[in-house]
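Quick notes on the structure that follows.
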Protein chains: 2
Amino acid sequence: LFEKLSAAARVNRSWLMVGLDPVLDKLPDGMRRDPSGALEFNRAIIAATSDLVIGYKPNFAFYEAMGPEGWHVLKKTRAAIPPDLFALGDAKRGDIGDTAEMYARAIFDVLGFDAATVSPYVGREGVQPFLDRRDRGSFVVCRTSNRENTFQDMDAGGEFLYERVAQAVVEWGDNVGLVVGATDVDALSRVRRIAPAVPILVPGVGAQGGGLGAAVRAAVDAEGGNALISATRSVTYASSGHDFADAARAVASGLRDEIRSAAAGAVDRVGSAVPHDG
Amino acid sequence: LFEKLSAAARVNRSWLMVGLDPVLDKLPDGMRRDPSGALEFNRAIIAATSDLVIGYKPNFAFYEAMGPEGWHVLKKTRAAIPPDLFALGDAKRGDIGDTAEMYARAIFDVLGFDAATVSPYVGREGVQPFLDRRDRGSFVVCRTSNRENTFQDMDAGGEFLYERVAQAVVEWGDNVGLVVGATDVDALSRVRRIAPAVPILVPGVGAQGGGLGAAVRAAVDAEGGNALISATRSVTYASSGHDFADAARAVASGLRDEIRSAAAGAVDRVGSAVPHDG
């Protein structure tokens, strides 16, 4: 699966993921504020940015809030993502084995995503049905971008619980990554040290207030890649007017360049010989 | 919200929850193996058992695995649950604040459930949108029924992580409960000591191998109630023939009586004066 990830990174020489989380009453002027408008909006954002990104990350909550029609929008949104880009289903599912298997079927087979986010709380059993799909990937939630982290920051044997999650996930296979929010650069650095070769999904850049450069430098691997930097509202709601797609493109283009330059800086800093496009 | 729970317990003098997790290729003989067959199956199970249970608990994974049509089945299944019984959406969602808000809208407003299961990993922020709905409830996943629990059983400051979750949840309000699997009676006892007055949802009775009596005695509060004992496959797949509804009714009736007698035994044991119907 992660061959698809690095291939997607090469397509547009980008590690920028764009989140597609449509909220009906925030759709741009002139667009129907119903599920069909949300789909039109997603398609317009994809058309305007698909040469700038590694892929797209719809968060399922925003589709479920539309009602049963939302799952149709989600399926059609996934179908609108170009096949050579990375389609990541941000579902954060977590349940015991036979139930997790049903979630994996829904995300991979029904909807056709390349990868899914999953919750670690149930333990390996809850992630195993995702790991078993060798042609797909999963990203285990490790440290979320909210500042108050009742459990993730708990002391578990001299380490943060989220560090224990990262340590465990490294052992779970080669088609599993981690999710670490952009707002905690220290957490990003700690997780990257624990998991030097694992893809890290980094949400929370932009609207959630995460500083881009520091987050990218902390998140990239030794070759300046393997960090999927995800921006959502800063791109998709760059303008609420008829120019929303052009505005989204301009922001995405700027983010791609910033990510690339921060990643190159990180590689120079650690002394790697050849800066990597990703 | 938990007034609705105790009211529902009085309707049928029962704390038995029945899980509704239809799998298309396990539907009984003669039933269409498509989403409409799953809905017909759920309605038949509800009709056969609605005077024996406190309520019903559909697990969303089984509906999502059917494709987008599954959410229509889920909505119609919820609508088929009698309004005086407890409708619990087993979704185990967990995401940061604004996203969790969307999940709460989907489960409470779109689908109309009385309560939802939620994951604790994100921390209080991920549960707050559910807590804020004073007319609804949430059950925080605490100790799942799988035996290998990488993280839940981790040592967090001299206690199991799941105990820390239970301690935290007690402080979160009066419309929040906990989920503890029936397979670990020691965990049920520990959580009940930490949270003497909190409703506990106890899945894993029956097909998952949890012993009923011991689980009920460990889970009930001092009055013999507040423990929602959930059985799924042992009820819904009691027979694969045309008699599946009668067979489900017979198993549900037996479970209700066993739960009631185990709860009464627990109350006698702890010396409470008046055994409680629930």
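Do you know which residues across segment A:137-161 are more than 8 Å from chain B (Cβ to nearest Cβ), out of contact with any Asp or Glu (no Cβ under 7 Å at 6 or more places or on another chain) and not polar (S, T, N, Q)? Of everything in segment A:137-161, those that are more than 8 Å from chain B (Cβ to nearest Cβ), out of contact with any Asp or Glu (no Cβ under 7 Å at 6 or more places or on another chain) and not polar (S, T, N, Q) turn out to be A:Phe139, A:Val140, A:Cys142, A:Arg147, A:Asp153, A:Gly158, A:Glu159.
Taking residues in segment A:144-161 that are charged (D, E, K, R), and partners anywhere that are open to solvent by 40 Å² or more (accessible area, probe 1.4 Å) and in a loop (DSSP other than H, G, I, E, B), the pairs with Cβ atoms closer than 7 Å and at least 6 places apart or on different chains are A:Asp155/B:Gly157. I need the full set of residues from segment A:205-234 which are surrounded by fewer than 24 Cβ atoms within 10 Å (Cβ to Cβ) and not in a loop (DSSP other than H, G, I, E, B), in order please. Passing the criteria: A:Gly210, A:Leu212, A:Gly213, A:Ala214, A:Arg217, A:Arg233, A:Ser234. Filtering B:Val191, B:Val198, B:Val202, B:Val220 for residues that are closer than 30 Å to B:Phe41 by Cβ and modelled with pLDDT of 95 or more leaves a single hit, B:Val202. Looking only at residues of segment B:108-136 that are farther than 18 Å from A:Ile96 by Cα and within 15 Å of the chain's Cα centre (by Cα), we find that the one that is nearest to the other protein chains (Cβ to nearest Cβ) is B:Phe113.
Can you confirm whether segment B:164-181 contains a residue that is under 25 Å from B:Ala104 (Cβ atoms) and basic (Lys, Arg)? Within segment B:164-181 (the criterion being under 25 Å from B:Ala104 (Cβ atoms) and basic (Lys, Arg)), the answer is yes, since at least one residue qualifies. Restricting attention to segment B:111-119, does a residue exist that is in contact with a Lys or Arg (Cβ under 7 Å, 6 or more places away or on another chain) and of a type in the set (Val, Ile, Thr)? Yes, because at least one residue in segment B:111-119 is in contact with a Lys or Arg (Cβ under 7 Å, 6 or more places away or on another chain) and of a type in the set (Val, Ile, Thr).
Residues being open to solvent by less than 30 Å² (accessible area, probe 1.4 Å), touching a strand residue (DSSP E or B) at 6+ places or on another chain (Cβ under 8 Å) and on the phi > 0 side of the Ramachandran plot are entirely absent from segment B:235-244.
The values are calculated or read from the model by the stated rules, or taken from the named source; none is laboratory data. The shown structure was predicted, so the numbers you read here are calculated from the model rather than taken from an experiment. Here Cβ is always computed from backbone atoms with ideal geometry, including for glycine, and neighbour counts include all displayed protein chains. Note: areas computed on protein heavy atoms with side chains; ligands, DNA, RNA excluded. Shrake-Rupley method; radii C 1.70, N 1.55, O 1.52, S 1.80 Å.
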